[in-house]
Amino acid sequence: MSDETTDETRHSVPFRAGFVTVVGRPNVGKSTLVNRLVGQKVAIVSSKPQTTRNRILAVVPRPGAQMVLFDTPGIHKPMHEMNRRMVQIAVRGVGQGDTVLWLVEVGEPPGPGDRFVRDVLVKAGRPVILGLNKIDRVSRPDILPAIDAYRGLMDFVDVVPFSALKGDNVDRLEEVLLKHLPEGPALYPEDFLTDQPERFFVAEMVRERILHHTRQEIPYASGVVIESFREEEGLVRIHAVIYVERDSQKGILIGRGGSMLKTIGTEARRQIEEFLGTRVYLELFVKVRSGWRESEQVLGEMGLGDKA
């Protein structure tokens, strides 16, 4: 064997590529973390639980590695068919990943919801990394007891405290995630970001503005369906329907003289134009459909079909 071959072999580092499923209870910061790791916004974020309804695949390219993240809905007790399918998507995502990142909030002790997540993870049999998010909200001496409390639930291949919002220790978390990826070739082309279509992100941007401007039951009782997405020269025309369950909810979403709907539409249009890189004509309609969260048709149009 020549010296050149020996030197090449000694310094070669195998490429790593694999899927990491991000799971946890609602509102623990899964989408905030995914956006930070990707380096751009692929998932909407709000302070309200159950913001994420669909599984979002996002590719994170790094030197010598390609990490594919599954951002999943928060695992919770479902009250409607929509929620049941959201939980089903999250549970199924656990089985699709090579590794699971279980996110918890460092200031919250383990509860029944966490034990349910633990049971799902144990059954799946995948390596699990525990991520304790929101360390910016607690004092440093509180972090170790939180780690010990969760270590009592199951065995983890690694434990990393961090803050997705502030970025504290996220670089360490990324190192750990990359270390646990299997060796193998890239799974997607270099310029591939996500498997979701443009329509999905447009609907999510409208829904994010609804989450931002409304309170009480409306964020959970509203859903967005893109009925028309037509590309013209220098312009995209989009017609979207916002479903609600009661006339009173429709009145709140429209607002006095249409003010609320205009605000939602204007802010969403600006985001969509930035996302698509072109001018957008966005028309929003609010329709009352009692029990839409139980409707096979509507859930299917939102990407929450039974096979989702």
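The values are calculated or read from the model by the stated rules, or taken from the named source; none is laboratory data. Quick caveat: nothing in here was measured; it's all calculated off a predicted structure. Here the Cβ is made from the backbone with ideal geometry for all residues, glycine too, and neighbour counts use every protein chain on show. The area values use the complete protein model at the heavy-atom level, side chains included, leaving out ligands, DNA and RNA. Shrake-Rupley method; radii C 1.70, N 1.55, O 1.52, S 1.80 Å.
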Check your understanding: Long-range amide H contacts for ASP158: which residues qualify at under 5 Å (H placed 1.01 Å from N, peptide plane, sequence gap of 5 or more or a different chain)?
Key -> LEU130
Practice item. Using a 1.4 angstrom probe on the protein heavy atoms only, line up PHE19, PHE200 by accessible area, largest first. Key: PHE19, PHE200
Revision key, fill the gap. With the charge dipole of the chain built from beta-carbon charges (+1 for Lys and Arg, -1 for Asp and Glu) about the Cα centre, the Cα from TRP102, GLN40, GLY258 projecting farthest to the positive end belongs to GLY258
Exercise for review: Using DSSP to define loop residues, name the trypsin sites (Lys or Arg not before Pro) in segment 156-228 whose beta-carbon has at most 16 other beta-carbon atoms within 10 Å.
Suggested key: LYS166, ARG215
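Full extension from SER290 to GLN88: what is 0.36 nm times the residue separation minus their Cα-Cα distance, to one decimal in nm? Please report the intermediate quantities before stating the final value.
On the way: separation 202, 0.36 × 202 = 72.72 nm, distance 2.32 nm.
Full extension of this stretch gives 70.4 nm more.
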**Study point:** Accessible area (Å², 1.4 Å probe, nearest 10) - LEU165
**Key:** 120 Å²
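How much length, in nm to one decimal, is gained on full extension between LYS166 and ILE143, taken as 0.36 nm per residue of separation minus their Cα-Cα distance? Please report the intermediate quantities before stating the final value.
Details: separation 23, 0.36 × 23 = 8.28 nm, distance 1.63 nm.
Gain on extension, LYS166 to ILE143, equals 6.7 nm.
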Revision key, fill the gap. In the list (1) 32, 27, 16; (2) 28, 23, 19; (3) 36, 25, 17, the entry giving semi-axes √(5λ) of the Cα gyration tensor in Å computed from the coordinates is (3)
Point to revise | Share of carbon and sulfur in the accessible heavy-atom surface of segment 221-308 [1.4 Å probe, %] | key: 45 percent
Review point. Say the dipole of segment 224-299 comes from +1 at the beta carbon of Lys and Arg and -1 at that of Asp and Glu; which of THR278, VAL244, VAL224 then lies farthest toward its positive end?
Key: VAL244
**Study point:** Amide proton proximity set for VAL60, modelled H, under 5 Å, gap of 5+
**Key:** MET67, VAL68, LEU69
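Which residues make up the longest stretch of the chain that has no GluC sites (Glu not before Pro) in a DSSP loop with at most 12 other Cβ atoms within 10 Å? Write down the numbers at each step before the final one.
Details: sites that count: GLU190, GLU233.
In the chain, the maximal stretch lacking such sites is 1-189.
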Revision key, fill the gap. In the chain, taking the dipole from +1 charges on Lys and Arg beta carbons and -1 charges on Asp and Glu beta carbons about the Cα centre, the listed residue (VAL60, VAL20, GLY113) farthest towards the positive end is GLY113
Check your understanding: Under a 1.4 Å probe, what is the accessible area of the chain per residue, stated in Å²?
Key -> 49 Å²
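Nearest 20 debye, what's the magnitude of the dipole of the chain about its Cα centre given +1 on Lys and Arg Cβ and -1 on Asp and Glu Cβ?
Numbers: 42 positive and 42 negative charges, 299 e Å.
Roughly 1440 debye for the chain.
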